[in-house]
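The values are calculated or read from the model by the stated rules, or taken from the named source; none is laboratory data. Only a predicted model underlies this, so the values are computations on that prediction, with no experimental measurement involved. Cβ coordinates were reconstructed from backbone atoms using ideal geometry, including for glycine residues, and neighbour counts include every protein chain displayed. Ligands, DNA and RNA are excluded from the accessible area calculation, which covers all protein heavy atoms including side chains. Shrake-Rupley method; radii C 1.70, N 1.55, O 1.52, S 1.80 Å.
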Amino acid sequence: DTAVSQTPKYLVTQMGNDKSIKCEQNLGHDTMYWYKQDSKKFLKIMFSYNNKELIINETVPNRFSPKSPDKAHLNLHINSLELGDSAVYFCASSPTGVFSTDTQYFGPGTRLTVL
Amino acid sequence: KNEVEQSPQNLTAQEGEFITINCSYSVGISALHWLQQHPGGGIVSLFMLSSGKKKHGRLIATINIQEKHSSLHITASHPRDSAVYICAVLETSGSRLTFGEGTQLTVNP
């Protein structure tokens, strides 16, 4: 009964490939997020969706495309992977509006390594 | 200069010590978030606060909006508290969450 789950946990791939990371939350939350944590452990917000609608899209290359088929899922698709995309990607959810003062619940992270 | 600065960057303590981690920010905020990242990588939200003080077990978080400063205190520290503690601020516009670089805490038995 994991609250926020991500698959896969580890992803190793070659430059130029296209890959997806899936995220699901079973908390009934309205808002979901994708974060990137680089090699220096610095977290940055990438996207946020509220009820399947894109709310925030920080300065992220358009090779990254989030997709939310329903409010319990927010998947991240990455085209033409580059070495600099290597990072840990965290999905999170929160009960109500984007960046309300609600607590966020984080998934376990997906470590992406691009060779 | 980062909009969110944490100090210290690294902190080593002995079990039982009282620990303080500081977070200063330069923008107007509506809330501040403290997160804990375990050695295995998992992230847990500790506190979200917009004023005053919150307490949960041995953890206490305070914020002074006028001074643009927050502190996270750990009483009676334990080796299992060893983790990276991250401060994040929600800007007043409500559309941006900016993270500090984290404080690596190591508590030795």
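Observations on the model:
- Flag: A:Lys22 matches the condition of being open to solvent by 50 Å² or more (accessible area, probe 1.4 Å) and under 24 Å from B:Pro39 (Cα atoms).
- On inspection, A:Leu27 does not qualify as open to solvent by less than 40 Å² (accessible area, probe 1.4 Å), of a type outside the set (Phe, Trp, Tyr) and either touching an Asp or Glu at 6+ places or on another chain (Cβ under 8 Å) or closer than 27 Å to B:Tyr85 by Cα (or both).
- Here the condition is being touching a residue at least 40 places away in the same chain (Cβ under 8 Å) and surrounded by fewer than 17 Cβ atoms within 10 Å (Cβ to Cβ); of A:Leu54, A:Leu83, A:Leu76, A:Leu43, it holds for A:Leu83 alone.
- In the set B:Glu67, B:Glu17, only one residue is of a type outside the set (Gly, Ala, Ser) and surrounded by fewer than 13 Cβ atoms within 10 Å (Cβ to Cβ); that residue is B:Glu67.
- The number of residues in the range A:54-95 being away from chain B (no Cβ under 12 Å) and not aliphatic (A, V, I, L, M) comes to 20.
- Positions within the range B:83-109 being small (Gly, Ala, Ser), crowded, with 17+ Cβ neighbours inside 10 Å and farther than 18 Å from B:Glu5 by Cβ, in sequence order: B:Ala83
- Strands (runs of 3 or more DSSP E) contained in the range A:27-115 and holding at least 1 residues farther than 24 Å from B:Leu46 by Cα and modelled with pLDDT of 90 or more: A:64-70, A:73-78, A:110-114
- Conditions (1) under 13 Å from the mean Cα position of the chain (by Cα); (2) open to solvent by 60 Å² or more (accessible area, probe 1.4 Å); (3) over 28 Å from A:Trp34 (Cα atoms); number of the one not met by B:Lys54: (3)
Residue by residue, here is whether (1) at the interface with another protein chain (Cβ under 9 Å from one of its Cβ atoms); (2) free of Cβ contacts under 8 Å to residues at least 12 places away in the same chain; (3) outside any strand (DSSP E or B) holds:
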site	(1), (2), (3)
B:Ser24	no, no, no
B:Leu32	no, no, no
B:Gln36	no, no, no
B:Gly40	yes, yes, yes
B:Val44	yes, yes, no
B:Lys53	no, yes, no
